[in-house]
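Contents: one structure, followed by commentary.
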Amino acid sequence: MAHHNTFGNLGEQKAVDFLRASGYKVKERNYRYLNAEVDIIAEKEDILVIVEVKSRNKGFLEDISDVISAKKIKLLTMAANHYIEESESDLEVRFDVITVVKNGKNYEIEHFENAFYHF
């Protein structure tokens with residue numbers, strides 16, 4: 001497996017651990033529908049949370065919370081809609097972003113609730 005895939009998987013695991021420690025129930029990881037993938041689907045307080053995880057090394061030039069394009073939002077929304085229909089969920093839906101930044105041997109995790117709205 002390529003290094004960036006291994007690093008991405010580690011970032012997703014750090015995000016899952018963070019969510020669980022914050023009281024979320026993780027329902028799915030890497031949920032796929034057609035050509036869309038949702039990193040994490042979780043639930044807390046009757047809210048279904050669709051989570052996109054962005055992992056980077058410290059010093060990466062881009063603000064990693066800004067790298068979610070309109071196309072990615074469309075794909076996440078499509079996959080979320082399919083999951084909701086498939087699971088017959090009637091929960092409110094929220095789209096979050098979790099950033100995982102490796103800084104030496106440490107990881108900095110930020111959770112952005114309501115990071116974007118589907119349209």
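Are there any pairs, at least 6 apart or on different chains, whose C-beta atoms fall under 8 Å, with the first in the range 80-91 and under 21 Å from GLU45 (Cβ atoms) and modelled with pLDDT of 90 or more and the second open to solvent by less than 60 Å² (accessible area, probe 1.4 Å) and aromatic (Phe, Trp, Tyr), and if so, which?
Within 8 Å, the pairs are ALA80/PHE95; TYR83/TYR31.
Scan the range 15-44 for residues that are modelled with pLDDT of 95 or more and not in a strand (DSSP E or B) and jot them down.
Residues satisfying the conditions are ALA15, VAL16, ASP17, PHE18, LEU19, ARG20, ALA21, SER22, GLY23, TYR24.
I'm checking my understanding of the structure. Among residues of the range 101-115 that are under 15 Å from the mean Cα position of the chain (by Cα) and farther than 12 Å from GLY11 by Cα, which one is most open to solvent (accessible area, probe 1.4 Å)?
GLU113
Filter the range 67-119 down to the residues that are part of a strand (DSSP E or B) and of a type in the set (Asp, Glu) and list them by number.
The answer is GLU92, ASP96, GLU108, GLU110.
The values are calculated or read from the model by the stated rules, or taken from the named source; none is laboratory data. Computed from a predicted model, the values in this text were never measured in an experiment. Don't worry about glycine lacking a Cβ; one is built from the backbone with ideal geometry, like all the others, and counts go over all protein chains shown. Ligands, DNA and RNA are excluded from the accessible area calculation, which covers all protein heavy atoms including side chains. Shrake-Rupley method; radii C 1.70, N 1.55, O 1.52, S 1.80 Å.
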